[in-house]
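**Q** Input: one structure, supplied below.
Bear in mind these aren't lab numbers, they're just calculated from the coordinates by the rules spelled out. Please read these numbers as outputs of a predicted model, since none were measured by experiment. FYI the Cβ positions are ideal-geometry reconstructions off the backbone, even for glycines, and counts take in every protein chain you see.
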C-alpha cells in the first residue's frame, strides 16, 4: 500500500503554546489509520493541517505525490480529500436528500439510494440534520462521504457520543471505503472500537507522533501501554 497523503514533521503554535513540534502522518490507500492521544495532544490540529483547514507553521504536506507548500481545504477537497470535522458538517437549511443531491450533481458519483442503504439512513432522507440523533447525523455525513468517493477521508472524533449500533455502522463504512482504496484516518478516545477498526496506529503525544504499526504491535509497546492505555 502506498501513501496517498503525507504530513511530515509539521509544527503548529498558538502564541506561546506549542501544540505540535514535529508531528507526521502517513496515510496509506486501502488502510484505516487510528490517530490516538490524550486530550490536547494535537490530534485535531494535525488532522486540520492534513486537510488544509489550517496552515502549519512549518513542515511538508504531500497528496498523491504533489507537494503543497500552503495547502487549502478547497484544493485538497477537489483532488480527493474529504474532511469530516468534529462539529456538524451538514446545514439545517437542507434535507439529507438535498445534501446528497448537491454532492451527486457536483461530482456525478454514486447512487443516493445505495449510500443511504449502506449507512442506514434511507428512512431519514427527507429530514433535516437537526431532526436526527447524533449517531444518525454521523451516518448521514458518512453517506455524503461515500457519495463523494474520496481518495482520503479524515474523520475527527466520529465515534464520540454515539450508540454502539451507530459505531458499528461507521466502522463498516470506513472499512468499505478502505476496501475501495481510500486512505482513512480516524481520531478518537474510544480505544476498543478504534483498535478493532484500524489497520494501523499512530500515537500523538508531547507535540510529536509515533508510528506504532498494527493494533497488536501498539498494544505491545510498553510506553504506549503505560502512558496512554494506563496499563501497569
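**Q** What Kirkwood hydrodynamic radius, in Å, does region 110-185 give when the mean of 1/r is taken over all pairs of distinct Cα atoms and then inverted?
**A** After inverting the mean inverse Cα-Cα distance, the result is 12.4 Å.
**Q** Need one number: nm distance between label points at residue 220 and residue 77, each 7 Å from Cα along Cα→Cβ, rounded to one decimal.
**A** Roughly 4.2 nm, to one decimal.
**Q** Calculate how large, on average over all directions, the projected area of the Cα convex hull of the chain is; give the answer in nm² to one decimal.
**A** 12.5 nm²
**Q** Cα axis of helix 96-107 to longest principal axis of the chain: angle in degrees, 0 to 90, nearest 10?
**A** 80 degrees
**Q** For the chain, what does the helix formula give at 222 nm: sum of -39500 (n - 2.57) over DSSP H segments with n ≥ 4, over the residue count, nearest 500 deg cm²/dmol?
**A** Estimated from H runs of four or more residues: -10000 deg cm²/dmol.
**Q** Indicate the gyration tensor shape class of region 1-67 (rounded, prolate or oblate), computed on the Cα atoms with a ≥ b ≥ c the square roots of the eigenvalues: a/c under 1.5 is rounded; otherwise a/b larger than b/c is prolate and the rest oblate.
**A** Oblate, since a/c reaches 1.5 and b/c is not below a/b.
**Q** Relative to the present Cα-Cα distance, how much length would full extension add between residue 229 and residue 189 at 0.36 nm per residue of separation? Intermediate results must be reported in sequence, preceding the final value.
**A** Working: separation 40, 0.36 × 40 = 14.40 nm, distance 1.03 nm.
Using 0.36 nm per residue and subtracting the Cα-Cα distance, I get 13.4 nm.
**Q** Once fully extended, how much extra length lies between residue 102 and residue 122, figured as 0.36 nm per residue of separation less the alpha-carbon to alpha-carbon distance?
**A** Result: 5.5 nm gained on full extension.
**Q** First measure r as the distance between the Cβ atoms of residue 64 and residue 22, then evaluate 1/(1 + (r/R0)^6) with R0 = 25 Å and state the FRET efficiency to the nearest 0.05.
**A** 0.55
**Q** Within region 53-71, which residues have the backbone N less than 18 Å from the label spot 7 Å out from residue 2 along Cα→beta-carbon, could you tell me?
**A** What the label zone holds, given the 18 Å backbone N cut-off, is 61-68.
**Q** Order by neighbour count: 64, 18, 12, 43, fewest other Cβ atoms within 10 Å first, most last.
**A** 18, 64, 12, 43
**Q** Just to be sure I understand: of the beta bridges DSSP finds with both ends in the chain, what percent are antiparallel, rounded to 5? Walk me through the numbers before you get to the answer.
**A** Working: 20 of 37 bridges.
Of those bridges, close to 55 percent are antiparallel.
**Q** Sort 57, 3 so that the residue with the fewest other Cβ atoms within 10 Å of its own Cβ comes first and the one with the most comes last.
**A** Numbers: 57 14, 3 18.
Sorted ascending by nearby Cβ count, the order is 57, 3.
**Q** Order these peptides, 78-89, 135-146, by their mean beta-carbon neighbour count within 10 angstrom, highest first. Could the numbers behind the result be given before it?
**A** On the way: 78-89: 17.2, 135-146: 24.3.
The packing order, highest mean first, is 135-146, 78-89.
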